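Read-outs throughout are calculated quantities, based only on the coordinates presented, and are distinct from any laboratory measurement. Everything quoted here is computed from the prediction, not taken from an experiment. Backbone-built Cβ (ideal geometry, glycine too); neighbour counts: all protein chains shown.
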Amino acid sequence: MMQSTDSLAPDNLATANAQSFAVGQVNIVVVGGGSAGWLTAALLAAEHQTDPLITITLIESASVPTIGVGEGTWPSMRATLARIGISETEFLLSCDASFKQGSVFRQWRSADPQDCYYHPFTAPVAANDLDIAEHWFSHHQQVEFAPAVSSQPAVIAAGLAPKRIATPEYAFLQNYGYHLDAGKFVALLSQHAKRLGVKHVVDDVVAVHSHIDGRIAALQTGQQGSLAGDLFVDCSGLQSLIIGRHYQTPLVSVQHCLLNDSALAVQVAYDDEHTPLASATLATAQAQGWVWDIGLPTRRGVGFVHHSGHTNEAQALATLAQYLRLSEQEFSARYQPRLIRFTPGYREQFWRHNCVAVGMAAGFIEPLEASALVMVELSAKFISEQLPRNLSQLAIVAERFNQIFSYRWQQIVEFLKLHYVLSARDDSDYWLAQRAEASIPSSLQEKLLMWHQFVPSRYDLPMAEELFPAASYQYILYGMRHLPRSGRPIKPGSDLRARQAFAEVQQKTQQLRAGLVSNRELLNQIKAHGLQKI
Ligand SMILES: Cc1cc2nc3c(=O)[nH]c(=O)nc-3n(C[C@H](O)[C@H](O)[C@H](O)COP(=O)(O)OP(=O)(O)OC[C@H]3O[C@@H](n4cnc5c(N)ncnc54)[C@H](O)[C@@H]3O)c2cc1C
């Protein structure tokens, strides 16, 4: 279907395009109307709406559906929504959204049903003064790492909200992101983006017209002629229309490292509208993969992530039925699960000529830490802040984008792999394969060597805007009980401060337990009164 064509005169187009860049005009065309397309279009529109030289058009197909999953976000989404200018109350109510305060990993260390640890969104106490992990080591037999250094695990365990009704929009008492309905999120974003001036075209892109130098001049649509532009954002999902199919940019597969390539997803109704609402994503390891369980106000989203080489469709159905405590017959009668296949990986380059790929078009790796939407947010922010205004800037910005985002994808691979490498599960070939030494990136092996002695620190993660800072690594490493082999001398004088910090956590936990309502209760209050606008 997709082809490069010279049906438009390349020289004329090149001249016209160079002129528009020369006067600072940038016509941006976003291809794809999923979360990636609308988030990018909305952010660009919000931040450049007063600039008459910038236009934004989003084209999406009526026949290719959006992926329809992607229901867990990071705390970064609060800042993104605020930047776009969406009210948090409107967002929560129209997207069937709830508060997510982190992840709870169950049965990752061993298959014991009691096995559980937390990766909360709030950083360890006293993170700016001292490395609290070093002081926790001597107490590790009495208390788990996360509840010792943060009040958030106790808040999550009690099903409490991260804020009160009087806390203003996007502000918090405990850091949080969201669980949301992906379809409703897209509807809200598109409505808002159109209010900000984004032009919406519903049609299929069927061909790409190129300039002689390889830049894209225009996209040929099925019904509505061609759509010219200066900058094209490929948000076409797994189709990867421009960066993948047109430019033939190879996908860097990471399946040798992270096996999972399939997800079987269902939506699960609550028994009644008062059922408690989890305020973290539950990620429960299985013999052949893991199950996500996300609580929205009106339903749960549940899915089994696995490797097609180890689990066939019938086995995947059986695993999901068992997780939901249903017989296979009951499960089949009640649900029509959706099987999604993907090749875990990312493009060798994301920005080529005047096209940048965002979202699933750029890559996708299993959603173990829900890292896809945050990559969309970071990409949109980068494009908006570094929007090239002439052709000479274009190549520089492209190069920077490629460097930064390649690094970020590698960090995701490394961080997700850590969850498997530290497991002691040996109840299947799957777990042995996930831990095989040859499958561990050398950069992670190096870090693990250092962490036999040292606490993860900024020396391991030197970028200013690391996706996963040292604290995230500490939560996983020590949650999985991977402690340094040899103790290190504690810095003189820091012991008193550490004891104070541990006491602060206990005190704050008590205050929060007494002062916070449940996740569901806060959402009910917001429905009745709304949050205070900022
Ligand atoms: C199983 C699973 C679980 C996930 N869980 C999470 C999670 O918890 N957290 C998270 O952050 N992310 C998650 N993700 C990822 C997340 O769903 C996506 O990153 C996000 O939805 C963005 O998708 P997208 O917009 O890139 O693609 P899509 O939603 O697939 O949108 C593609 C768009 O391109 C359009 N299109 C395609 N072809 C054409 C054409 N020829 N012409 C015009 N338009 C076209 C389509 O119409 C559609 O509008 C998950 C993904 C999967 C598969």
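With a cut-off of 14 Å between beta carbons, the residues surrounding Tyr420 carry a summed charge of -3, where Lys and Arg count +1 and Asp and Glu -1. Centre-to-centre separation between the Cα atoms of segment 73-109 and those of segment 238-258: 28 Å.
For the chain, the mean residue ellipticity at 222 nm estimated from helices alone is -11000 deg cm²/dmol, where every DSSP H run of n ≥ 4 contributes -39500 (n - 2.57) and the total is divided by all residues, rounded to the nearest 500. The magnitude of the dipole of the chain, with charges of +1 and -1 set on the Cβ of Lys/Arg and Asp/Glu and taken from the Cα centre, is near 900 debye. Using only Cα positions of the chain, each an equal point scatterer, no hydration layer, compute I(q)/I(0) via Debye at q = 0.06, 0.07 Å⁻¹ and quote the log10 values to two decimals. The calculated log intensity ratios at q = 0.06, 0.07 Å⁻¹ are -0.30, -0.41.
Lysines near Lys163 by alpha-carbon distance under 16 Å, same-chain residues fewer than 8 away left out - which ones? Straight-line reach from Lys163, under 16 Å: Lys100, Lys508, Lys527, Lys533. Convex hull volume per residue, computed on the Cα atoms of segment 189-256, equals 123 Å³. Loop-located trypsin sites (Lys or Arg not before Pro) in segment 480-534 (DSSP state not H, G, I, E or B) with no more than 16 neighbouring Cβ atoms inside 10 Å: Arg481, Arg485, Lys533.
By the count of neighbouring beta-carbon atoms within 10 Å, fewest first, Thr66, Thr509 end up ordered Thr509, Thr66. Seen against the Cα atoms of the chain and their longest principal axis, helix 470-479 is set at about 50 degrees. The mean sequence separation of alpha-carbon pairs under 8 Å and at least six residues apart, normalised by the residue count of segment 52-192, gives a relative contact order of 37 percent. Summing charges over neighbours of Val198, with a neighbour being any other residue whose Cβ is under 13 Å away from its Cβ, gives +1 when K and R count +1 and D and E count -1. Lys/Arg Cβ at +1, Asp/Glu Cβ at -1, dipole of segment 279-376 taken about the Cα centre: which of Gln288, Thr311, Pro344 is farthest positive-ward? The Cα lying farthest towards the positive end belongs to Pro344. Expressed per residue, the C-alpha convex hull volume of segment 289-332 stands at 70 Å³.
Look at the dipole of segment 306-417 built from charges on Cβ: of Ala333, Ser384, Gly359, the Cα furthest out on the positive end belongs to Ser384.
For Cys355, Cys116, the sequence from fewest to most other C-beta atoms within 10 Å is Cys116, Cys355. Within straight-line reach of Lys194, meaning a Cα separation under 18 Å, sit the following lysines at least 8 residues removed in sequence or on another chain: Lys184. Neighbours of Val358, meaning other residues whose beta-carbon lies under 10 angstrom from its beta-carbon, give a summed charge of -2 when Lys and Arg score +1 and Asp and Glu score -1.
Counting only Cβ charges, +1 for Lys and Arg and -1 for Asp and Glu, the dipole size of segment 137-209 around its Cα centre is about 300 debye.
For the chain, relative contact order (Cα pairs under 8 Å, six or more residues apart, normalised by length) works out to 24 percent. Its Cα centre serving as origin, segment 372-488 has a Cβ charge dipole (Lys and Arg +1, Asp and Glu -1) of approximately 260 debye. Reducing segment 113-187 and segment 281-314 to their Cα centroids gives an inter-centroid distance of 22 Å.
Taking the fewest neighbouring Cβ atoms within 10 Å as the starting point, the ordered list for Ser138, Ser486, Ser379 is Ser486, Ser138, Ser379. Partner lysines whose Cα lies under 28 Å from the Cα of Lys447, excluding those fewer than 8 positions away in the same chain, are identified as Lys417, Lys491. Beta bridges assigned by DSSP with both partners in the chain are antiparallel in approximately 70 percent of cases.
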